[in-house]
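Working notes, structure below.
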Amino acid sequence: MKSLVFALPLFLLPAAAAWADDLGLPTRMALDEDPPREPQQDLELERQRPDDTSSLTPMEFVFRHSQLEAGVMYTDFDNSLGLKSHLGFYVRWGVEVVPHLTVHATYRFNTFGTAPGDDIRVQALLIGASYHVPLMRDFAFVGGVAVGPSWWDSSLAHSEAAFMFSAEAGLTARLYELLRLKAGVVLDGVSTDFRGASGISANVSYLVGLEIGL
């Protein structure tokens, strides 16, 4: 009787195999899977553009490779300006012209009060470029420069327009396929006579933002 019990699976195996084949189920283990890629191979894949840019019109190229960034900037103003540190905002639009190199336009806005009745507003419109250096699959270093006009307005003192130079360094972390978190440091140099300042004023900002795009 025991030998019949042990022999029963041998009779059932052909029937089970035929049933699995009818349902399209796998009947054996697959060992021929693709080998795992090295991290460097992942970076090389990220450097390749997903389309043939030579076949795109200028409008299609701009649309496909546009990037939008927005966030907050906490600025520590130069002592010569007599302004307290304050939180401002920025928005940036750019186009990746070649892999990892983006040209962009940035608008900044910061408003606050330093004394009763003295409302300060600082704005800037900067044109520049930045370069992303992949560090790992989801992390990258970004460095950039920009130049443009800035406007310094006060309700009690005279307003000034000044030329601004900006240098930026930061890190990005991919949250989703087209969404990245960014944190960085910005150094601005500006020549203005606002509130009695003279020479070049150096302002340091710390930013946190989100990047949307390739």
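The values are calculated or read from the model by the stated rules, or taken from the named source; none is laboratory data. Fair warning: this is a prediction, and the values are worked out from it, not measured in the lab. Here Cβ is always computed from backbone atoms with ideal geometry, including for glycine, and neighbour counts include all displayed protein chains.
Answer yes if at least one residue in the range 121-134 is among the basic types (Lys, Arg) and within 16 Å of residue 107 (Cα to Cα), and no otherwise. Scanning the range 121-134, I find at least one residue that is among the basic types (Lys, Arg) and within 16 Å of residue 107 (Cα to Cα), so the answer is yes. For the range 145-153, the count of residues that are within 18 Å of the chain's Cα centre (by Cα), surrounded by 13 or more Cβ atoms within 10 Å (Cβ to Cβ) and not polar (S, T, N, Q) is nonzero. Those strands (runs of 3 or more DSSP E) of the range 84-203 in which 1 or more residues are farther than 23 Å from residue 74 by Cβ and aliphatic (A, V, I, L, M) occupy 86-98, 101-115, 118-134, 160-176.
If you filter the range 154-171 down to residues that are surrounded by fewer than 20 Cβ atoms within 10 Å (Cβ to Cβ) and among the aliphatic types (A, V, I, L, M), you find that the one that is farthest from residue 127 (Cα to Cα) is 156. Cβ-Cβ contacts under 6 Å between residues 6 or more apart (or on different chains), taken from a first residue in the range 144-157 that is among the polar types (S, T, N, Q) and modelled with pLDDT under 90 to a second residue that is surrounded by 13 or more Cβ atoms within 10 Å (Cβ to Cβ) and not in a strand (DSSP E or B), are absent. Within the range 187-200, the residues that satisfy the criterion of being within 30 Å of residue 132 (Cα to Cα) and buried (at least 21 other Cβ atoms within 10 Å of the Cβ) are 188, 190. Against the conditions (1) over 11 Å from the mean Cα position of the chain (by Cα); (2) surrounded by 15 or more Cβ atoms within 10 Å (Cβ to Cβ); (3) on the phi < 0 side of the Ramachandran plot, residue 211 satisfies every one except (1). Scan the range 172-186 and give yes if some residue there is hydrophobic (A, V, I, L, M, F, W, C), surrounded by fewer than 14 Cβ atoms within 10 Å (Cβ to Cβ) and within 17 Å of residue 104 (Cα to Cα), otherwise no. Scanning the range 172-186 turns up no residue that is hydrophobic (A, V, I, L, M, F, W, C), surrounded by fewer than 14 Cβ atoms within 10 Å (Cβ to Cβ) and within 17 Å of residue 104 (Cα to Cα). Restricting 46, 96, 69 to those that are in contact with a strand residue (DSSP E or B) (Cβ under 9 Å, 6 or more places away or on another chain), of a type in the set (Asp, Glu) and at pLDDT below 50 reduces the list to 46. Looking across the range 129-143, the residues that are more than 19 Å from residue 208 (Cβ to Cβ) and either at pLDDT below 95 or not hydroxyl-bearing (Ser, Thr, Tyr) (or both) come down to 129, 133, 134, 136, 137.
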